[in-house]
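Structure first, commentary second.
The values are calculated or read from the model by the stated rules, or taken from the named source; none is laboratory data. Only a predicted model underlies this, so the values are computations on that prediction, with no experimental measurement involved. Glycine also receives a Cβ, built like all others from the backbone with ideal geometry; neighbour counts cover every protein chain displayed. Just so you know, the surface numbers come from the protein's heavy atoms only, side chains and all, with ligands and any DNA or RNA stripped out. Shrake-Rupley method; radii C 1.70, N 1.55, O 1.52, S 1.80 Å.
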Amino acid sequence: MQMIAAGGVEPLTDGERAADIDNPRGYFELDAVKRLKADSSCIRDGRGKVVKVISHLLGELPSGETYRIVFVDRDLDEILTSQAKMIARLGKPAPPQDIVRRAFVTHLDAFERLTARRQDYSVLRVAYTDMVAEPQTAAERIAGFLAEGGITGLDLAAMAGTVDPNLYRNRAKD
């Protein structure tokens with residue numbers, strides 16, 4: 001989200017979720033997205049903008065639109081490490097990692113099936129580690145993908161400049 005917004009695409013966000021220790025640059029979220037199943041009108045408001053939709057809710061996107069989905073792949077161990085740290089900071093008990101891992105794997109399989117069958121979806125998968133290691137290349141890939149959908153003229157240097165390797169804190173090997 002930060003890369004695309006820095007490149008020049010307006011984000012559709014409500015600013016409700018403030019930046020915190022887990023995400024010091026903010027979340028770029030729109031609370032209405034959580035209610036897509038009941039009311040998808042926020043998607044109409046997002047035409048030509050970048051809207052963050054977690055992968056669990058992609059199946060709720062209404063037909064009749066064309067979606068360009070940038071899916072950031074991250075190592076599953078890193079996701080689990082990050083979530084465990086967030087849950088611990090909240091003082092909540094962490095669920096068993098093996099159960100969470102299976103749920104993630106099942107979800108990613110469902111994501112693959114969903115995006116394969118929805119003709120209105122175009123998906124670009126970008127590895128998180130590649131974005132951190134080579135932000136200029138990642139910016140070029142994302143900009144090229146968005147250009148195929150008509151969003152052109154993105155500022156590649158600004159996109160790449162949003163990547164801060166110091167924020168890559170929750171690694172699998174922690």
From 119, 97, grab the single residue that is surrounded by fewer than 12 Cβ atoms within 10 Å (Cβ to Cβ), out of contact with any Phe, Trp or Tyr (no Cβ under 6 Å at 6 or more places or on another chain), over 19 Å from residue 162 (Cβ atoms) and of a type in the set (S, T, N, Q). 119
So, in the range 122-152, of the ones that are over 22 Å from residue 61 (Cβ atoms) and among the charged types (D, E, K, R), which residue ends up surrounded by the most Cβ atoms within 10 Å (Cβ to Cβ)? 141
Pair list, Cβ < 8 Å and 6+ apart or interchain, from the range 98-122 residues that are under 27 Å from residue 151 (Cβ atoms) to residues that are part of a helix (DSSP H, G or I) and open to solvent by 60 Å² or more (accessible area, probe 1.4 Å): 122/148
When the residues of the range 52-83 are filtered to those that are charged (D, E, K, R) and within 23 Å of residue 97 (Cα to Cα), which remaining residue is surrounded by the most Cβ atoms within 10 Å (Cβ to Cβ)? 78
State all residues of the range 72-118 that are part of a helix (DSSP H, G or I), under 20 Å from residue 22 (Cβ atoms) and either acidic (Asp, Glu) or in contact with a strand residue (DSSP E or B) (Cβ under 6 Å, 6 or more places away or on another chain) (or both); if no residue qualifies, say none. 77, 78
Test: residue 21 is in a loop (DSSP other than H, G, I, E, B) and β-branched (Val, Ile, Thr): yes
Select from the range 24-51 the residues that are closer than 22 Å to residue 107 by Cβ, open to solvent by less than 30 Å² (accessible area, probe 1.4 Å), in contact with a Lys or Arg (Cβ under 9 Å, 6 or more places away or on another chain) and part of a helix (DSSP H, G or I) and list them in ascending order. 33
